[in-house]
Amino acid sequence: MVQFDVITLFPGIFDSPLQESIVKRAQQKNLIRINVHNLRDYTLDKHHTADDCPYGGGAGMVMKVEPIVRAIEDIKVYDETAHTILLTPQGGLFSQKVAQRLSTCSQIIMVCGRYEGVDERAYSFADEELSIGDYILTGGETAALVIIDAVSRLVPGVVGDRASVTEDTFSNWLLKYPQYTRPESFRDITVPEVLVSGDHGKIREWRKIEALKKTLKRRPDLLAKAALSDEDIKLLHTIQESSKRS
């Protein structure tokens, strides 16, 4: 089981997303546990102040170090696989590979940044800084939800069909092959014949070729990361030559 502990100034943001679909069922089955903590509960003044003006001047407010550290120290289970993350646009980029690594943790604590950021001293109390992309969000809560969803899918038993996880886009650094369902024909666009042939060997080969084609066309940068077999490399060269001629 993986336990997620989210530290936030706005716990209400998590009410609905965590009570829907796969994440809800995973909690009901005790495959994951999610606790949302209000950062203001770890302040000591009567106004529950969790942010203040930055030293040196400047726009906006900065989240205070004391309540963040109190929260981390109160929540953290001192296990060697417990992991504390600060969610900030300055962090390393979250990816499927990072999700796989985090899925082996017993506890994942996430501190959701807000406003102009977090007092720099708070970083000393985290194991890692993460960002979900090169853009600015209102706060780290959205990023926390993304990480919970991505990591939860990798916990055994959360997704019923394990093949759905192992064949997902980015699991092997290739984009997923095209998928179709009924009807077989829609506005003169038909499902590829191989998929209704019943020949599973040909279907596997078609899917591998189409995954390579799609990755080459849309995300060629991923091919350098993919663990391609000799057969895959030959197929890729054939696809590249074919695309040059067309």
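Name the residue, out of THR238, THR142, THR215, that is of a type in the set (S, T, N, Q), under 16 Å from the mean Cα position of the chain (by Cα) and not in a loop (DSSP other than H, G, I, E, B). It would help to see each step written out before you state the result.
Details: THR238 fails: under 16 Å from the mean Cα position of the chain (by Cα); THR215 fails: under 16 Å from the mean Cα position of the chain (by Cα).
Among THR238, THR142, THR215, only THR142 is of a type in the set (S, T, N, Q), under 16 Å from the mean Cα position of the chain (by Cα) and not in a loop (DSSP other than H, G, I, E, B).
Restricting to segment 26-75, count the residues that are surrounded by 15 or more Cβ atoms within 10 Å (Cβ to Cβ) and under 20 Å from CYS105 (Cα atoms).
So the answer is 10.
Specify which of the listed residues (LEU222, LEU228) is modelled with pLDDT under 95 and either assigned to a helix (DSSP H, G or I) or farther than 30 Å from LYS97 by Cβ (or both). Show your work before the answer.
Working: LEU228 fails: either assigned to a helix (DSSP H, G or I) or farther than 30 Å from LYS97 by Cβ (or both).
Testing whether each residue is modelled with pLDDT under 95 and either assigned to a helix (DSSP H, G or I) or farther than 30 Å from LYS97 by Cβ (or both) leaves just LEU222.
Considering each residue of segment 180-212, count those that are part of a strand (DSSP E or B) and either surrounded by 11 or more Cβ atoms within 10 Å (Cβ to Cβ) or among the aliphatic types (A, V, I, L, M) (or both), and give that number. Outline the logic, then answer.
Start the filter on segment 180-212 by keeping residues that are part of a strand (DSSP E or B), which leaves 185-186, 189-190.
Those still in the list that are either surrounded by 11 or more Cβ atoms within 10 Å (Cβ to Cβ) or among the aliphatic types (A, V, I, L, M) (or both) too: 189-190.
Here the count works out to 2.
Which count do you get for residues in segment 154-164 that are surrounded by fewer than 16 Cβ atoms within 10 Å (Cβ to Cβ) and either within 15 Å of the chain's Cα centre (by Cα) or at pLDDT 90 or above (or both)?
So the answer is 2.
Scan segment 80-106 residue by residue and report those that are among the β-branched types (Val, Ile, Thr) and either at pLDDT below 95 or in contact with a helix residue (DSSP H, G or I) (Cβ under 9 Å, 6 or more places away or on another chain) (or both).
Result: THR81, THR84, ILE85, THR88, VAL98.
Which residue pairs have Cβ atoms under 7 Å apart, sit 6 or more places apart or on different chains, and have a first residue in segment 175-195 that is under 29 Å from LEU228 (Cβ atoms) and a second that is exposed (fewer than 13 other Cβ atoms within 10 Å of the Cβ)?
Cβ pairs passing all conditions: LEU175/ARG218; VAL191/GLU184.
Does segment 235-243 include one or more residues that are surrounded by 13 or more Cβ atoms within 10 Å (Cβ to Cβ), in contact (Cβ under 8 Å) with a residue 12 or more places away in the chain and within 30 Å of ARG101 (Cα to Cα)?
yes
The values are calculated or read from the model by the stated rules, or taken from the named source; none is laboratory data. If you're wondering where the values come from, they're calculated on a predicted model, not measured in any experiment. Positions of Cβ are generated from backbone atoms using ideal geometry, with glycine treated the same way; all protein chains shown enter the neighbour counts.
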